[in-house]
Protein chains: 2
Amino acid sequence: MYDANSLKAELNDRGWRLTPQRETILNVFIDLEKGKHLSAEDLDTLLQEQGKPISLSTIYRTVKLMARMGILRELELAEGHKHYELNQPYPHHHHHLICVKCNETIEFKSDAVLKIGSKTAKKLGFHLLDCQLSIHAICPQC
Amino acid sequence: MYDANSLKAELNDRGWRLTPQRETILNVFIDLEKGKHLSAEDLDTLLQEQGKPISLSTIYRTVKLMARMGILRELELAEGHKHYELNQPYPHHHHHLICVKCNETIEFKSDAVLKIGSKTAKKLGFHLLDCQLSIHAICPQC
DNA sequence: CTTTCTGCAAATAGTTTGCAGCCGA
DNA sequence: TCGGCTGCAAACTATTTGCAGAAAG
């Protein structure tokens with residue numbers, strides 16, 4: 001799991017910098033309740049409420065950067081905008097089942113899927129960032 | 001696999017209509033080379049080249065409709081726009097490994113993942129539309 | 001004949017970008 | 001010090017929508 005120090009190390013390794021904004025955003029995700037995920041707008045609102053406003057452009061730039069580093073995972077849980085959550089390693093790694101009508105989202109775990117994902121990436125010589133099984137379905141209510 | 005008749009039946013069942021545009025678009029996907037997938041723009045260009053132009057709004061409306069019916073699957077292979085391909089049943093069902101830097105995309109199959117997907121949906125009482133494992137990674141070249 | 005569908009043009013919204021000044025290493 | 005980073009405002013672009021006429025059932 002990341003903290004300010006490991007984030008700084010990882011950023012500096014790649015020629016990037018640790019800024020208060022980046023640290024703040026990482027902390028929001030670390031403190032985020034399990035099973036929750038935020039859109040850029042959500043983050044903006046949350047940071048404003050916490051009295052630590054960060055410009056929306058920086059928010060977009062930061063979540064994209066962290067997703068490319070493998071720190072966050074980018075989720076397509078609803079049409080039209082992306083959500084982000086910490087990219088947690090085994091055994092916290094999980095997947096999503098989404099109702100395409102009402103957007104109800106259910107998390108579920110599968111070691112098997114994670115294994116298949118890492119094996120496939122390894123076999124082809126790719127460096128794995130994220131592996132997510134998305135099940136699109138219609139829930140019993142819809 | 002769908003053809004004009006089964007498409008018509010399925011549409012009519014839900015109070016929708018079979019139009020020449022819908023049939024044309026379905027046929028493009030049926031004839032599409034294995035492993036290919038189209039964005040809305042791609043479809044627009046292709047249909048124009050084939051001398052069967054369809055307005056971009058109708059293209060968007062149609063692919064979305066067919067994705068919600070489970071006929072097409074919506075793929076997020078590159079930033080900024082979606083791609084579509086036929087949603088084929090076992091044993092043609094497959095998944096994607098994507099390099100987040102150069103967007104190189106590799107298809108792979110996994111019966112195990114498909115099984116996990118259908119079991120999970122079934123267990124929760126959801127009607128399965130699509131189940132896709134997306135592996136985000138960095139390819140050896142990048 | 002009724003209701004859905006299409007095409008057009010205009011609107012929308014999420015996201016990106018140029019730039020000037022700021023600040024981490 | 002210096003090159004990356006932020007905030008602002010403006011730009012962009014994929015996608016959606018309102019509407020009038022066309023057409024499927």
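Bear in mind that the values in this text are calculations on the coordinates, not laboratory data. Only a predicted model underlies this, so the values are computations on that prediction, with no experimental measurement involved. Please note: Cβ atoms are built from the backbone with ideal geometry, for glycine as well, and neighbour counts cover all protein chains shown.
Compute the distance from the alpha-carbon center of the stretch B:66-142 to that of the stretch B:5-37, in whole Å.
About 20 Å separates the Cα centre of the stretch B:66-142 from the one of the stretch B:5-37.
Using the 7 Å Cα-to-Cβ label point, sort the distances from B:Asn27 to its equivalents in the other copies shortest first and give them in nm to one decimal.
In nanometres, ordered from closest: 6.2.
Please go through the stretch A:18-102 and write out the trypsin sites (Lys or Arg not before Pro) that DSSP classes as loop and that have at most 16 other C-beta atoms within 10 Å.
When the trypsin sites (Lys or Arg not before Pro) of the stretch A:18-102 are filtered for loop state and at most 16 Cβ neighbours within 10 Å, A:Lys34, A:Lys36, A:Lys101 remain.
Excluding residues on the same chain fewer than 8 positions from B:Lys119, give the aspartates and glutamates whose Cα lies under 20 Å from its Cα.
A:Glu104, A:Glu107, A:Asp111, B:Asp111, B:Asp130
Residue farthest toward the positive end of the dipole of the protein assembly as shown, with Cβ of Lys/Arg at +1 and Asp/Glu at -1: which of A:Gln88, A:Thr58, B:Met69?
About the Cα centre, the residue reaching furthest to the positive side is A:Gln88.
Name the residue from A:Ala121, A:Cys139, A:Trp16 whose Cα lies farthest towards the positive end of the charge dipole of chain A, charges +1 on Cβ of Lys and Arg and -1 on Cβ of Asp and Glu.
A:Ala121
Say we join alpha carbon atoms closer than 10 Å with springs in a Gaussian network model of chain A; which of A:Thr24, A:Thr45, A:Thr120 then has the biggest fluctuation?
A:Thr120
Chymotrypsin sites (Phe, Trp or Tyr not before Pro), restricted to the stretch B:1-76: which are DSSP loop and have at most 14 other Cβ atoms within 10 Å?
B:Trp16
Along Cα→Cβ, 7 Å out, is where each label goes; now give me the distance between the ones at A:Asn27 and B:Leu18 in nm to one decimal.
6.2 nm
Please check: in the Gaussian network model of chain A (C-alpha springs, under 10 Å), which one of A:Ala112, A:Ala67, A:Ala121 has the largest mean-square fluctuation.
Highest fluctuation of the listed residues: A:Ala112.
Under a Cβ-Cβ cut-off of 12 Å, what is the net charge of the residues other than B:Cys139 that fall near it, where Lys and Arg count +1 and Asp and Glu count -1?
0
Using a cut-off of 19 Å between alpha-carbon atoms, which lysines can reach A:Lys8, once sequence neighbours fewer than 8 places away in the same chain are excluded?
Correct list for A:Lys8: A:Lys64.
If r is the Cβ-Cβ distance from A:Glu79 to A:Ser118 and R0 is 35 Å, what FRET efficiency results, to the nearest 0.05?
0.75
About the Cα centre, and with charges only on the beta carbon of Lys, Arg (+1) and Asp, Glu (-1), how big is the dipole of the protein assembly as shown? Nearest 20 debye, please.
520 debye
Given the DSSP H assignment, sum -39500 (n - 2.57) over each helix run of at least 4 residues in the protein assembly as shown and divide by its residue total; what's the result at 222 nm in deg cm²/dmol, nearest 500?
It comes out at -13000 deg cm²/dmol, rounded to the nearest 500.
Hey, for B:Cys102 with labels 7 Å out along Cα-Cβ, what do the inter-copy distances come to in nm, ordered shortest first?
4.6
Would you please name the GluC sites (Glu not before Pro) within the stretch B:2-100 that are DSSP coil residues with at most 11 other C-beta atoms within 10 Å of their C-beta?
The qualifying sites are B:Glu33, B:Glu79.
Springs between alpha-carbon pairs under 10 angstrom, Gaussian network model over chain B: which of B:Gly35, B:Gly51, B:Gly117 fluctuates most?
Judging by the Gaussian network model, the answer is B:Gly51.
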